[in-house]
Every structure is written in structure tokens, then in C-alpha cells.
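Report on the following structure.
What follows draws every value from the coordinates through simple rules; no lab data is involved. A quick note: this is a predicted structure, and the numbers were derived from the prediction, not measured. So basically every Cβ, Gly included, is an ideal-geometry build from the backbone, and we count neighbours across all protein chains shown.
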Amino acid sequence: MTAESDRTLETFNIDLEMLILSTIISYRSLEEITDLVAPDDFYGEHTRETFKALVAIDDRGGKIDLDTVIDQLKSAGRWEHVGGAKLGESLMAMPVDSHVGEYARIVSSLACQRRVTAVCARKASEGRFRVESPKEWVQAVESAIFEETQMRDVRKDPTLISEIIPEVLRNMVRAASGDEVIGQPTGFETLDAQLGGWEPGKMYVLGGRPSMGKSALAGELVVESAKSGNVSIYVSAEMPGVDLAGRMVASRARVDYARMRNGTLDAASYQRATDAADFVSRLPLSIIYRPGATIPEIRRGVRGEISKLRRLRGFEDAPIGLIAVDYIQLLNGERARGELREAEVANLSKRLFWLAGEFNVPVLALAQLNRGLESRADKRPLMSDLRESGAIEQDANTVMFIYRDDVYKPDGMPPDMKAELIVRKNRNGRLGTVPMHFDGPSMRFHEHTTDPNHDYKWGDDA
């Protein structure tokens, strides 16, 4: 037997599958492995059909033992097909093992390996012939693999309520002590009071019409995350990295971004800008510029940048912080021929939600709004204004909108610099409006205060 065939055999283990079945029958319960393995994970047809019989018995509340399994297989017309009496004898001869949960995980893992291998083989076969669009074909390959690994990975170890309650109590103690930030601080105290900070594994949506400052605010939020020592990523499908980095520097330095670009800063402002550039360059922060990016491309890019920051920049122990994606409707999703754009956006939204869970980090997804709101007297955004959006609203844990009345003022009228961050959906907190100021020249948001001499904390080292 060759080494290659030995490796092939490693993608399934019939003995392990039989051991799982015999243990279930002996323990007369499926409870320990219900969420760990599925019938299709079993490689052997006889083991797969037997596990299906066990599930059918359990679903109707029946008693699990060898006799009921045989009866179920016979009634389904599968008894002789799976080996008949020989199968029964094999099950009785197999030992019983208390590590059945671990064995179920191994069987599930091997099944995932087989499915991914099959997808790759199928796509490789397609690649032997000329394809109309190589790029689309590569995206289809990535998406097929992603579907197999992500959709099949929804079965997680069940968690006892007794294991969760201590975290609930810790959060209660923190809140009682005056610390309203359960997650990662956002950089805005009033926003932290509203949201409780960024929580890992959750998707946040920041929507707004063009020129409201979505990208500027997202950039500041990512910088603040990186300032806290977290590896943070800004994924842009709209604006090149040099423009985003320039805005971050201007905001940090509190200088006019247009003057910084055209070389007309005075000496003091120029010095602040160079100091700010040095500060920002030292943060554990990466910008990924990918026009028309797919979710698999984003996943791959994020993994690569995290590895690069940790390996090359000395942030080995840094946790992963905020991932911002700018913006949903500019990403490249999937839709079948004849499907509407809404289906594509729904797919993108779902996968961004999965991305947050996969990396166990907060994901801030920017979204464009319908222009219809501009026909209303009150142009403050509502949930229904999310463009191509029903799924975005459903998938997001929190939906916020940025609104500035200055955008709609006639030319010549002086700006009042007021901005509003409107929280329209919040699964774990309050709804309401966070008042802000927006300094247009420096592309900088900061918290609202009535004290004109207030030294804003936003962007400071402390």
C-alpha cells in the first residue's frame, strides 16, 4: 500500500463510526453528541443509515436500544441493505467508550475534510476547461469552500447555563461599579454608555447618505481600537489606503486635510501633522484596499494582515480589535442568474455576520442609504432607508446612522458643526441619539460639549 493511499484512508474511520453507534445504543441516548455530528458526516452507508435510525427514534421520543434500531431500519426498508444480522452482531461486539463526544468531533472533522476535498476536485475539473471569467471562477471556488466550512460548522459544544452565569455576574459587577463598558471602548464615552462598547462576535452597521462622514467616523473608531492595543483592520472597497491614512493623520493632528494635501499648512500645523503621522504609523493597524472585494477575499486579507502585524510588527500578543468594512453595497457578492441585487446584498450581510463570529471580533459594516429620505422634511435616517437592505437590518446586532444637518444647508450658510449618531437598533442596549461635533476641515468627529474650552479626549494619548 502506498503512502498516498494511506493518506486517503485517513479521511474516514469506520471503526470510530461503529464505536459511536454502539456507545449510543448502550447509553440509550443521543444527548451527548446531538450538536456535534450529523448523519451525513458518517462515511459508511451502513453507519450513516444506522445513525439516521437513531435520530428518527430520538425525534419521536422513542426508546433507543438494538431492537428499536433494527425495527426502525426494517420499517425504512434499509435493514438488509446495511448488512442485516451481520450489522447487529458487529454493533454488539463493539466496545463502549465514554469519550464518544470527542470521537463525534473527529468524525465530523473528517467529513468536512472529505467535502472540501470533493469541492476542490470538482472545481479543479472545471478549471481544466476554458472559463468565461477566471476571476468569477476563482470566486466561485472560494465561495464553495467557504459554504462547506462555515455552514457545517454551526454545531457547537452545548454550553451549560451554569458556565454562562459567571460572565453575567461579572458584567453586573462592572456595571454596578460604574463601568458601563462591557466590551471594547469605542472612544466616545456617550456611545459607550449607549452600546456598552464593541462586543466580540457581533456586527454593527453604520449607515449614512454620501458626505455625512461615514468613512471619517469609521476611521476614527478603528484608530481608537488600535490605540487600545488591539490589532485592527480597515477594509475599504471605496477609498485608497493613502487617502484613509491621510484622513486619520489630519484628524489626529487637528489640521485641515485639504491644506495638508496641497502643501499649504503653516509651520505649527505641519509639525502636528508629522507628529500625528508618526503616532498613527506605530499603531497595530492595517488598511486593506479592495474595490469589489468578495467576502472570501476579505477573510483572506484580514488573516494575512493580522499575521503580518503580529509577526513583523511585534504585536504577537495583541488581541484582535475592530474590523471595519467600507461599505457593504460596494462588495462583490453572489446571486443566481435572474436574482435581484437585494439577494446579493443579503448574502454579503449574512457572511459579514459570520465573519464577526469566525474571528470573534466586532465588525463595523458601513452601508449606503436610499436617496428617498432626502424628499422628507425630516431627513434623519430610519431603518427603512437602508439601501437594498432587509437582511442588513436583520443580521446586525446594532444599527446606527450618522446625520449632519449641515449637509442640507444652502451654500453660503455657516456650518454649525453638529452631528448626530442615531442608534435605531440595539439588541443589548438603549436606543437614542449620541450628540457629536464634526470638524469638516480635519475630518474629525468628537463628543458634544457645551464647554468651548473643553480639551477633547478623542485622539489624545491618554
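Just to confirm the filter: which GluC sites (Glu not before Pro) across the stretch 61-124 are DSSP coil and have at most 15 other Cβ within 10 angstrom of their Cβ? Don't skip to the end; give the middle numbers.
Working: sites: Glu80, Glu89, Glu102; in loops: Glu80.
Qualifying residues, ordered by number: Glu80.
What does DSSP give for the stretch 182-447 in terms of the percent of beta bridges that are antiparallel, rounded to the nearest 5?
If I count the DSSP bridges inside the stretch 182-447, around 45 percent turn out antiparallel.
Work out, step by step, the length gained on full extension between Asp40 and Leu169: first 0.36 nm times the residue separation, then minus their alpha carbon distance; give nm to one decimal.
Working: separation 129, 0.36 × 129 = 46.44 nm, distance 3.98 nm.
Between Asp40 and Leu169, full extension yields 42.5 nm more.
What lysines does Lys214 reach when the alpha-carbon gap must be under 23 Å and sequence neighbours fewer than 8 apart in one chain are set aside?
In chain and number order, the partners are Lys202, Lys227, Lys350, Lys379, Lys409, Lys418, Lys425, Lys457.
With r as the distance between the Cβ atoms of Ser125 and Ser90 and R0 = 45 Å, compute the FRET efficiency 1/(1 + (r/R0)^6) and round to 0.05. Before the final figure, lay out each step's value.
Details: r = 36 Å, r/R0 = 0.81.
That pair, Ser90 with Ser125, gives E of 0.80.
What lysines sit close enough to Lys63 to cross-link, taking a C-alpha to C-alpha distance under 21 Å and skipping anything fewer than 8 places away on the same chain?
Leaving aside lysines fewer than 8 places away in the same chain, those within reach of Lys63 are Lys52, Lys74.
Just to be sure I understand the model, the point goes 7 Å from the Cα along the line to the Cβ. What's the resulting Thr274 to Ser98 distance in nm?
In this crude spin-label approximation the distance works out to 7.0 nm.
For Lys123, go through the lysines and keep the ones whose alpha-carbon is under 17 Å away, minus same-chain ones fewer than eight residues off.
Once the sequence-local lysines are set aside, what remains near Lys123 is Lys135.
Evaluate E = 1/(1 + (r/R0)^6) for Lys409 and Ser307, where r is the Cβ-Cβ distance and R0 equals 51 Å; express this FRET efficiency to the nearest 0.05. Intermediate values should be presented prior to the final figure.
Details: r = 46 Å, r/R0 = 0.91.
Working from the Cβ atoms, E equals 0.65.
Can you list the HN-Hα couplings for the stretch 344-360, worked out from phi with the Karplus curve (6.51, -1.76, 1.60; θ = phi - 60°), rounded to whole Hz and with x for Gly and Pro?
So the J values, rounded to whole Hz, are 5, 5, 4, 5, 4, 4, 4, 6, 5, 4, 5, 4, 4, x, 4, 8, 6.
Grab the other residues whose beta carbon is less than 12 angstrom from that of Ser215, score K and R as +1, D and E as -1, and report the net. Spell out each step's value before the answer.
Working: positive: Lys214, Arg247; negative: Glu220, Glu238, Asp243, Asp326.
Spelling it out: positives minus negatives among the neighbours equals -2.
For Lys63 and Glu80, compute 0.36 nm times the residue count separating them, minus their Cα-Cα distance, and round to one decimal in nm.
On the way: separation 17, 0.36 × 17 = 6.12 nm, distance 2.20 nm.
Full-extension gain reported as 3.9 nm.
For the stretch 191-241, just run the numbers: alpha carbon Rg, then divide by 2.2 N^0.38 Å, N being how many residues it has.
On the way: Rg = 12.0 Å, N = 51, 2.2 N^0.38 = 9.8 Å.
Scaled against compact globular proteins, the figure is 1.22.
Amide H of Gly207: which non-local residues (sequence gap of 5 or more, or other chain) have their own amide H closer than 5 Å, using H built in the peptide plane?
The answer is Ala367, Met400, Phe401, Ile402.
Subtracting the Cα-Cα distance from 0.36 nm times the residue separation, let me have the gained length for Asn262 to Leu382 in nm, one decimal.
Numbers: separation 120, 0.36 × 120 = 43.20 nm, distance 3.79 nm.
Residue separation times 0.36 nm, minus the Cα-Cα distance, leaves 39.4 nm.
Under a 5 Å amide H to amide H cut-off, with H placed in plane at 1.01 Å, what residues pair with Ala293 once short-range neighbours are removed?
Under 5 Å from the amide H of Ala293 lie the amide H atoms of Asn332, each far enough along the sequence or on another chain.
Quick check: pseudo-label points 7 Å beyond the Cα along Cα→Cβ at Asp71 and Glu238, how many nm apart are they?
About 6.4 nm separates the two model spin labels.
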